[in-house]
Amino acid sequence: MRTNKLALVVPAALALTFIAGCGTGTGDAGADQGKKAAASATPSVASNGVDELAAAEIMSRARKATAGAPSVRLTGRFKEGGDDLGLDFRFAGRKKAAGTVQMGNQHIKLTRIGSTVYFKGNDAFLRSIGDKNAVTLMSGKYVKTTSKDPDFAEIASFSNLSGLLGELLSAKGSDWDKGKAGTVAGKPTVTLSGPDGEQVHVATQGQPYLLQIDAGPQGSLDFVSYGEPVAVEAPPANTVLDLGSMQ
């Protein structure tokens with residue numbers, strides 16, 4: 001298999017876009033998703049106290065709460081070079097996830113249950129990792145592999161929320177400043193600002209969940225639907241191509 005641009009570029013683009021992005025403010029996509037955020041975090045009238053903490057501690061608590069949420073949906077659209085990138089994932093705890101990733105004309109559907117990973121790429125994606133034989137073999141099929149398979153580790157990384165948060169938020173280490181109070185669709189937040197203008201919104205009521213990472217014109221990521229039921233199931237057996245059984 002050839003290394004695929006989508007699998008390698010999107011995780012890096014996420015980090016570069018939101019950790020080295022420029023400008024502030026929420027784009028249209030962020031605003032649309034932000035409307036859902038008010039109903040997505042646990043409702044509470046009492047402050048959770050994170051707005052009284054230092055920036056590094058706010059970030060630490062937000063990452064821990066978000067990674068440990070019973071469920072959450074992560075959506076975003078952004079730009080990398082001339083390509084439009086996007087993702088839409090639902091996470092059910094730490095061991096289950098399902099969603100889609102796209103860059104340009106390449107698309108992947110991905111499901112993870114424990115360490116088992118299923119992915120289905122469109123023909124443009126399959127051509128990029130192989131040749132016409134890859135398309136013939138895999139087109140319309142979910143490829144079954146594991147999160148530890150080095151050939152598909154980059155693809156599987158999208159289904160690991162804790163790992164994604166690391167990609168997005170660890171690059172600056174403790175280089176965050178606590179900003180003013182903010183809101184995401186009426187949900188009160190405390191903002192953390194990076195030196196390039198990027199902003200992270202953390203809920204100040206209920207759990208200190210991440211609600212939005214905003215890089216202005218570059219795009220935004222929204223964390224919505226906290227606690228809502230998420231059904232993650234393996235695809236039908238007759239649609240699965242098990243790479244392990246072919247070795």
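Quick notes
- Meets criteria (surrounded by fewer than 16 Cβ atoms within 10 Å (Cβ to Cβ) and polar (S, T, N, Q)) for SER115: yes
- Residue tally, condition farther than 30 Å from ALA124 by Cα and in contact with a Ser or Thr (Cβ under 6 Å, 6 or more places away or on another chain), over region 59-105: 1
- Residue match in region 201-208 (condition: touching a Lys or Arg at 6+ places or on another chain (Cβ under 8 Å), open to solvent by 10 Å² or more (accessible area, probe 1.4 Å) and in a strand (DSSP E or B)): yes
- Selection from region 156-193 of residues that are closer than 30 Å to GLN102 by Cβ and either acidic (Asp, Glu) or part of a strand (DSSP E or B) (or both): GLU167, GLY182, THR183, VAL184, LYS187, THR189, THR191, LEU192, SER193
- Inspection of region 217-234 identifies no residue that is over 23 Å from HIS107 (Cα atoms), surrounded by 21 or more Cβ atoms within 10 Å (Cβ to Cβ), touching a Gly at 6+ places or on another chain (Cβ under 9 Å) and β-branched (Val, Ile, Thr).
- All of ILE129, ILE113 fail the test of being of a type in the set (Val, Ile, Thr) and at pLDDT below 85, apart from ILE129.
- Any hit, region 125-141, residues being at positive phi and either more than 22 Å from the chain's Cα centre (by Cα) or open to solvent by less than 20 Å² (accessible area, probe 1.4 Å) (or both): yes
- Check on ALA171, within 17 Å of ILE58 (Cα to Cα), among the aliphatic types (A, V, I, L, M) and modelled with pLDDT of 95 or more: no
- Those residues of region 145-155 which are within 22 Å of GLU233 (Cβ to Cβ) and either at pLDDT 85 or above or assigned to a loop (DSSP other than H, G, I, E, B) (or both), in sequence order: THR145, THR146, SER147, LYS148, ASP149, PHE152
- TYR142 meets the conditions (1) within 30 Å of LYS64 (Cβ to Cβ); (2) modelled with pLDDT of 95 or more in every case but one. The failed one is (1).
- Odd one out for SER170, checked against (1) within 21 Å of ALA67 (Cα to Cα); (2) touching a residue at least 12 places away in the same chain (Cβ under 8 Å); (3) open to solvent by 30 Å² or more (accessible area, probe 1.4 Å): (2)
The values are calculated or read from the model by the stated rules, or taken from the named source; none is laboratory data. Because the structure is a prediction, the values reported are computed rather than measured. Methodologically, a virtual Cβ is constructed for each residue, glycine included, from the backbone with ideal geometry; neighbour enumeration extends over all protein chains shown. Please note that ligands, DNA and RNA were not included when accessible areas were found on the heavy atoms of the full protein model with its side chains. Shrake-Rupley method; radii C 1.70, N 1.55, O 1.52, S 1.80 Å.
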